[in-house]
Every structure is written in structure tokens, then in C-alpha cells.
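Nothing in this text is a laboratory measurement; each read-out follows from the coordinates by a stated rule. This structure is a prediction, so every number in the text was calculated from the model and none was measured. Heads up, the Cβs are rebuilt from the backbone with ideal geometry, glycines too, and the neighbour counts pull from every protein chain shown.
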Amino acid sequence: MSRRITAVFLGSLIFSASLFAQSATFVDNVLVIPKATIGETAYSLELGLVINDNNYDFSVLAAAEIPFTNTDGASIFSEQVLRVPTVEVGGTNYSLNLALISADPILFRLSSFAEVISDPIASSLEQATTLYTNSLETQVVQTLCIVCHVQGGAAANADLLFERASETSKATNLSAFRNYLNGSAAKRTQILSKVTGVSHDGGAQLAEGSASYTNLAAFLQHLVDHGATN
């Protein structure tokens, strides 16, 4: 989410309180999302459904900032899509993808949905794996990090090294992050500082607030959460 859209989003929120359960609900055309995260900020949301032709659109009815702890069970806004992991509709659990189609006023559109067959709330490691596979291995690690953080590279002596693109690189590089973090929030903060250029010989690689930075921050938080409970 760009800084402009973030500002518009926050400026458009209507205060509402006391929604802290984990699973989203849908009652009387209102989608209640107890925890939605944007980077390291969390909100509870109420979205009203409006059917436009064959489109299912959701506008913000109410919202309140809540304490950010982790992203477990949360709906996550990233790359202009709000991903709702589970909501019960007519006795069946679904996952939803709501695409942001308007920033002023805030308006989301249902872009896809799927029935949730197994445990509706993925584990921290499962969420980390999905996010890494879809948004980080190719877009960040193989494009930026691998230039130096590889055997024989300029950062070959660093504690965090990666494997160049191959059939095994995704699993290997995800494990590299897991082993390096080992549940440490401090190491997560260090990685996020370094990618923006702080005490990093490789300089700034990601802009804070960019889609890739937000994905990396969420991914690392999932791994920290996983390490803290295992």
C-alpha cells in the first residue's frame, strides 16, 4: 500500500471498538473482520456488502486501531488485496480475496474465494511459506539479495546466505531465514533495517512502505511467531 493510499485509508476510518475475536463473520450483509493488518499496524473492521451488477463490493462502515501482536489468524492487506483467511457463510467456511478498487472512498471488490476444507487458520509457518513462495523468493531474494548473499559473493561471510534459483532454492532459502531468525524479534528488526540501508554494505534495497518491504516484514513476523511457539 502506498503512503498516499495508507493516509487516505487511515483518514477514512470510522472509529469502532471491541472486536478482538480471530475469525471473520458475515451477518446481515456486514463482514466483520476482528483483526486486519497493514504492515505492523492492526485494525478491526466492519465492511458493508453492496452488490453492483455481478460484482460484490465492500465499503468501510467502521474501524478501530487495535494493538499489533502478530499476524496469526489476521486478514492481511498486501499488494492492494485484503486476504481474509476464513469467514463462515451459510455454515461453510471460505477464504476471500478483496481487491482495493477505490482509495477515496475506500472500496474493496471480491476478486476470488475458496472453500476452506481443513483448519481455517493456517499456522504461522504455513502463512510464512505461502507469502515467501508467492511474493519474496523471486521478487526479493533472487532479484536483490542473491547478488551478494551467496557463496563467493561480496557478503559471503554474512550469517545469512542464499542459494541461487533452482528446484530446491525456495525451500533452502526459507530454511535459511528460519535458522537465522530462530524466533528472534531483534534479528527480524535487524533484517528490516538493513534492507532499507541501515548499517548495510549493500545499501538500501527496499523502500520502507513498499509492497516488497511489507511482504518481507509480514513474512519475518510469521517466522518469529512460529519460532516462539516451537
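Peptides 70-80, 192-202: what's the order by average Cβ count within 10 Å, highest mean first? Please list the in-between numbers first.
On the way: 70-80: 20.4, 192-202: 14.8.
Packing order, densest peptide first, comes out as 70-80, 192-202.
Tabulate in residue order the Karplus-calculated ³J(HN,Hα) for region 161-175, using 6.51 cos²θ - 1.76 cosθ + 1.60 with θ = phi - 60°, rounded to whole Hz; enter x for Gly and Pro.
Result, rounded to whole Hz: 10, 10, 9, 5, 3, 7, 5, 10, 5, 4, 5, 5, 6, 4, 5.
Of ALA62, GLY183, ALA156, which is farthest along the charge dipole of the chain in the positive direction, counting Lys and Arg as +1 and Asp and Glu as -1 at C-beta?
The residue sitting farthest along the positive end of the dipole is ALA156.
How tilted is helix 211-228 with respect to the longest principal axis of the chain? Cα atoms for both, answer in degrees (0 to 90, nearest 10).
Roughly 80 degrees between the two axes.
Quick check: the distance between the Cα centres of region 51-93 and region 153-209, to the nearest angstrom?
30 Å
Taking the highest mean first, how do the peptides 124-132, 46-54, 59-67 order by number of other beta carbon atoms within 10 angstrom per residue?
Taking the mean over residues of other Cβ atoms within 10 Å, the ranking is 124-132, 59-67, 46-54.
If packing is taken as the average number of other Cβ atoms within 10 Å across a peptide's residues, how do 209-221, 144-156 rank, most packed first?
209-221, 144-156
Quick check for me: using +1 on Lys/Arg Cβ and -1 on Asp/Glu Cβ, what's the dipole size of region 124-228 about its Cα centre, in debye to the nearest 20?
So the dipole magnitude of region 124-228 works out to roughly 100 debye.
In whole Hz, with x marking every Gly and Pro, tabulate ³J(HN,Hα) for region 51-66 from phi via Karplus 6.51 cos²θ - 1.76 cosθ + 1.60, θ = phi - 60°.
8, 10, 6, 9, 9, 10, 10, 10, 9, 7, 8, 7, 7, 8, 6, 10
Got the relative contact order for the chain handy, in percent, Cα pairs under 8 Å and 6 or more residues apart? Walk me through the intermediate numbers first.
Values: 421 pairs, mean separation 38.6, N = 230.
Over the chain, the number comes to 17 percent.
Give me the net charge of TYR43's neighbourhood, meaning all other residues with Cβ under 9 Å from the Cβ of TYR43; Lys, Arg count +1, Asp, Glu -1.
0
Counting DSSP beta bridges with both partners in the chain, what percentage is antiparallel, nearest 5?
90 percent
Could you give the angle, 0 to 90 degrees to the nearest 10, between helix 185-195's Cα long axis and the longest principal axis of the Cα atoms of the chain?
The angle comes out near 80 degrees.
Tell me, in nm to one decimal, what length is gained between THR92 and THR130 on full extension, where the rule is 0.36 nm per residue of separation less the Cα-Cα distance? Please report the intermediate quantities before stating the final value.
Numbers: separation 38, 0.36 × 38 = 13.68 nm, distance 2.30 nm.
Net length gain for the segment: 11.4 nm.
Please give me the summed charge of the neighbours of LEU31: other residues whose Cβ is under 12 Å from its Cβ, Lys and Arg +1, Asp and Glu -1.
So the environment of LEU31 carries a net charge of -4.
With Cβ to Cβ distances under 15 Å as the rule, what net charge do the other residues near ALA74 carry (K, R +1; D, E -1)?
That sum, taken over residues with Cβ under 15 Å, equals -3.
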